[in-house]
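Data block below; observations after.
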Amino acid sequence: QVQLVESGGGLVQAGGSLRLSCAGSGDTFSRYKMGWFRQAPGKEREFVADISWSGGRTSYADSVKGRFTISRDNAKNTVYLQMNSLKPEDTAVYYCAASFTDGPYDHWGQGTQVTVSS
């Protein structure tokens, strides 16, 4: 089992940047594929990005491609989401999730709020 805790959310002006962190504990972090998801008020959860256990493969939603970068530091048991050129439509609660050896995303953090003002 792995436990996940997100941090780094906050209020930022449009065009600004934030870096989210997701710290893992309780299992072998490096064996997990990690993903970021977000959910805005009144909308369903949306995929944002993911990264393989080795860090060699990444995937992004079209809405964030070119602006967001996912990375991981297995020595620190942490995955990051660098968010640049933020837009008001990026406002949401952001969640990190873990998939063990490409299984389902069955471990989730509690989320961190990102608010982008215009």
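The values are calculated or read from the model by the stated rules, or taken from the named source; none is laboratory data. No experiment lies behind these values; they were computed from the predicted model shown. Every residue, glycine as well, gets a Cβ built from its backbone with ideal geometry; the counts of neighbours run over all protein chains shown. Remember, those area values only see protein heavy atoms, side chains included, never the ligands or the DNA or RNA. Shrake-Rupley method; radii C 1.70, N 1.55, O 1.52, S 1.80 Å.
Going by the conditions given, is G42 touching a residue at least 60 places away in the same chain (Cβ under 8 Å) and not charged (D, E, K, R)?
no
A single entry from L11, L4 fulfils the requirement of being touching a residue at least 24 places away in the same chain (Cβ under 8 Å) and under 17 Å from A98 (Cα atoms): L4.
Kindly indicate whether any position in region 7-24 is of a type in the set (A, V, I, L, M), out of contact with any Leu (no Cβ under 8 Å at 6 or more places or on another chain) and within 14 Å of V114 (Cβ to Cβ).
Within region 7-24, one or more residues are of a type in the set (A, V, I, L, M), out of contact with any Leu (no Cβ under 8 Å at 6 or more places or on another chain) and within 14 Å of V114 (Cβ to Cβ).
So is D106 over 14 Å from the mean Cα position of the chain (by Cα), in a strand (DSSP E or B) and at pLDDT below 95 or not? Judged against the criteria, D106 is a match.
For region 100-110, the set of residues classified as surrounded by fewer than 18 Cβ atoms within 10 Å (Cβ to Cβ) and touching a residue at least 12 places away in the same chain (Cβ under 8 Å) consists of F100, T101, D102, W108, Q110, listed by residue number. Residues that are open to solvent by less than 70 Å² (accessible area, probe 1.4 Å) and of a type in the set (G, A, S): which strands (runs of 3 or more DSSP E) entirely in region 4-88 hold 1 or more of them? Qualifying strands (runs of 3 or more DSSP E): 10-13, 18-25, 32-39, 46-51, 58-60, 68-73.
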